[in-house]
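Please read the structure below before turning to the comments.
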Amino acid sequence: MIPKTGAIIPRTDGLDETQTTPEWQRILAAAIRDPAELATRLGLPPLAPGVAAASQDFRLLVPEPYLQRIQPGNLNDPLLLQVLPRTEENLTVSGYSSDPLGEQAATAAPGILHKYQGRVLVIATPSCAVHCRYCFRRHFPYADSRPDRTLEQLTGHLLAHPEIREVILSGGDPLTLSDDRLAEWSEVITRQPRITTLRIHTRLPIVIPQRVTPNLLEWLGTLPIKPVVVLHANHPNEIDLAVIDACNRLSHQGVTLLNQAVLLRGVNDQADTLIELSDRLFQAGVLPYYLHLLDPVSGTAHFEVSEHRAIELISSLRARLPGYLVPRLAREQAGHPAKTIIAG
Ligand SMILES: *Cc1c(COP(=O)(O)O)cnc(C)c1O
Ligand code: SF4
């Protein structure tokens, strides 16, 4: 019998406190990469043999502060479900493919995705601070991604497209980059006078809130253009006091904070959960922006929630929340000029 509650087994090695690297980088370097270790730490039953196969192509990655928010012994914990590889990932399901969004086709130059007018999205790094099993970029050919070349080519792309007003740093997760690397990116971007906004798509302040350092805040606060940080949290349990504090510090620096979530079966497909997510986000000074329908990426079909159910959920939210706490239900479709808003 696995107890429903219990204590997380403390790690045995401990974080190396002797180095001068920032704490968040040490936390990231020490993140759990072995499914068996995760199971032991959380007092879970031994994992099915197929789990190892599932995690071969897209490895497990769980940093300590995220792990601390998982309930030990609970295989259905909504945070655990987002990160634990499952044998179902090995299934081939019709309609699910490796590049359903046609991102390869929209690639203007290596790492530069110019799909929507006025905005350009760049893959600033292939690295993330957590590996989300439903990720729509889990099959992205990151091995071919060359952020240095992307950075070099960005200037030319911005000059050739004077209609671009906003650059979106994405990935991977751009906040896995060092502050020095981020400064190199913003230097290139802010050199173009037409760019008014720098947007950062990141899950880091959620999974490792220690990433929001005084240095990072200073960089954001001194940018000559408007910073927007679009976070990614799917469940209210992801937003603990440390996350709220990190978000507050970002807000005080003049950063506009939004959240995008993915609608995931078994994780957040109940109205009460989504309402609590909106409430917690608001406590942290973050407005819900998008609720994405799952992209049909192979290995993720077990997370699918039907569009019908999704619309029902948004209607419940509409009835029970102020309009500004209702996210837009969106689906991304290959070749469309913008995300398709379904409801909200
Ligand atoms: C989602 C996305 C954007 C931004 O779209 P918004 O609706 O402005 O949030 C830009 N480029 C790409 C490639 C995207 O996928
Ligand atoms: S952090 Fe974002 S890009 Fe990275 S695995 Fe999770 S969803 Fe994918």
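Worth pointing out:
- The chain: antiparallel DSSP beta bridges as a percent of all, rounded to 5: 20 percent
- Considering only beta bridges that DSSP places wholly inside the stretch 201-289, some 0 percent are antiparallel.
- Cleavage-rule hits, trypsin sites (Lys or Arg not before Pro), the stretch 59-138, DSSP coil, Cβ neighbours within 10 Å at most 16: R59
- Sum of side-chain charges, P22 neighbourhood, beta-carbon under 10 Å (Lys, Arg +1; Asp, Glu -1): 0
- Cβ-defined net charge surrounding A54, 9 Å radius [Lys, Arg +1; Asp, Glu -1]: -1
- A run of the chain free of exposed loop cleavage sites, with GluC sites (Glu not before Pro) counted only in DSSP states other than H, G, I, E and B and at most 10 other beta carbons within 10 Å, reaches its longest extent at 164-344.
- Only protein heavy atoms count here; under a 1.4 Å probe, R318 has an accessible surface of about 120 Å².
- Per residue, in Å², the accessible surface of the stretch 107-343 once ligands and nucleic acids are set aside, probe 1.4 Å: 39 Å²
- Annotation for the stretch 189-234: trypsin sites (Lys or Arg not before Pro) lying in DSSP loop with at most 15 further Cβ atoms inside 10 Å of their Cβ are R191, R194.
- Accessible-area composition of the chain, carbon plus sulfur, in percent [1.4 Å probe]: 53 percent
The values are calculated or read from the model by the stated rules, or taken from the named source; none is laboratory data. It should be emphasised that the depicted structure is a prediction, and the values quoted were computed from it without experimental measurement. We place every Cβ from the backbone using ideal geometry, glycine too, and count neighbours over all the protein chains shown. The accessibility values were calculated without ligands, DNA or RNA, using every heavy atom of the protein model including side chains. Shrake-Rupley method; radii C 1.70, N 1.55, O 1.52, S 1.80 Å.
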